[in-house]
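Right, one structure below, let's go through it.
The values are calculated or read from the model by the stated rules, or taken from the named source; none is laboratory data. Bear in mind the structure is a predicted one, so any value in this text is a computation, not a measurement. Cβ coordinates were reconstructed from backbone atoms using ideal geometry, including for glycine residues, and neighbour counts include every protein chain displayed.
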Amino acid sequence: MTSRSHRYYILLEDQLYEVPNTGAYFQFNRGTLLRETRKSHTSVTCVVIGGKLSSDEKIPFCPDDLKEINEQILNLLLPVKDGKRYGTYTDQLRMKDGLELTVDDKVLVTLKHDKRGCGVLSYRGPIEGKKGIYFGVELNAPGIGNSNGYINKKKYFPCKEGHGFFAALDQISLIASASSRKKRLNGGGGTPSLATSSHKSFKPSKVASLSKSQSSTLPRTYPSNDRRSFIKNVEPYYGITRQQLKKIGVFLGSNVSIFVDWKDKETEVKGVVRFVGISHNS
């Protein structure tokens with residue numbers, strides 16, 4: 001088990017990171033899970049949990065782009081695939097299900113190819129060799145599952161062949177009446193807070209700063225000793241607010257096409273966005 005002294009975060013915004021001494025860039029999607037190694041007034045240095053980068057790679061992030069989570073939430077989110085983790089975390093009912101589901105609850109499961117099946121939760125807990133909390137379900141219909149309750153010869157719950165299925169949090173939800181779900185959504189049942197009590201609530205309109213003198217601009221996520229700047233002496237996000245950026249719909253790392261006139265012919269040129277900002281000289 002991980003140490004209780006650790007502090008964990010989920011990334012709220014996509015970030016582009018330059019790997020030191022390589023010239024290569026790595027995209028962190030929102031929903032990436034992080035463990036804090038050092039914190040200052042201007043940044044939180046973290047390692048990525050379960051990511052493709054080395055666990056020794058320490059990366060600075062802007063505090064306003066992080067949300068602190070407790071270890072219980074971390075373990076629920078770890079099995080969820082990277083592209084679905086942020087959506088799962090922001091789905092209030094889904095997170096309540098993850099916190100409250102117990103053995104013998106009736107559940108709805110999303111299977112392969114977006115097929116669905118109903119069943120009974122028969123196991124909740126870790127799986128040997130994997131990270132996080134999984135949900136073992138005995139499905140009602142025969143042949144739609146992919147398990148008999150065993151994984152690698154270890155028995156987690158009893159069921160017939162083809163009736164078992166192990167689900168991550170994004171694949172399972174409690175079957176409840178409409179009135180019951182409404183009560184739970186409104187806070188009934190005393191469900192624990194998704195965030196740790198020491199962290200302020202995230203406000204989408206809140207804008208992080210590039211520097212002390214630029215309180216309305218966006219942060220960057222690059223090592224302090226990066227040897228290659230995108231634009232000389234200029235931040236990759238410059239003089240533009242988060243609201244303006246979302247309206248434009250173009251972010252660092254976005255794949256884009258530019259159409260230019262070349263020899264009296266319109267030609268498509270593809271590339272990757274390395275700078276978004278407002279020029280004060282234009």
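Which of the residues spanning the range 126-161 are within 25 Å of the chain's Cα centre (by Cα) and in a loop (DSSP other than H, G, I, E, B)?
Passing the criteria: P126, I127, E128, G129, K130, K131, G132, I133.
Residues of the range 148-181 being of a type in the set (S, T, Y) and modelled with pLDDT under 90, which ones?
S177, S179, S180 - these are the residues of the range 148-181 that are of a type in the set (S, T, Y) and modelled with pLDDT under 90.
So, in the range 1-58, exactly how many residues are of a type in the set (F, W, Y) and either modelled with pLDDT of 90 or more or over 28 Å from F275 (Cα atoms) (or both)?
2
Here are G117, G143, G136, G129: which of them is closer than 25 Å to Q72 by Cβ and either surrounded by fewer than 20 Cβ atoms within 10 Å (Cβ to Cβ) or among the basic types (K, R) (or both)?
So the residue among G117, G143, G136, G129 that is closer than 25 Å to Q72 by Cβ and either surrounded by fewer than 20 Cβ atoms within 10 Å (Cβ to Cβ) or among the basic types (K, R) (or both) is G129.
Given (1) more than 15 Å from L169 (Cα to Cα); (2) surrounded by fewer than 18 Cβ atoms within 10 Å (Cβ to Cβ), identify the lone condition not met by K67.
(2)
Can you tell me which residue within the range 14-35, out of those that are under 18 Å from N255 (Cα atoms) and surrounded by 20 or more Cβ atoms within 10 Å (Cβ to Cβ), is farthest from the chain's Cα centre (by Cα)?
E18
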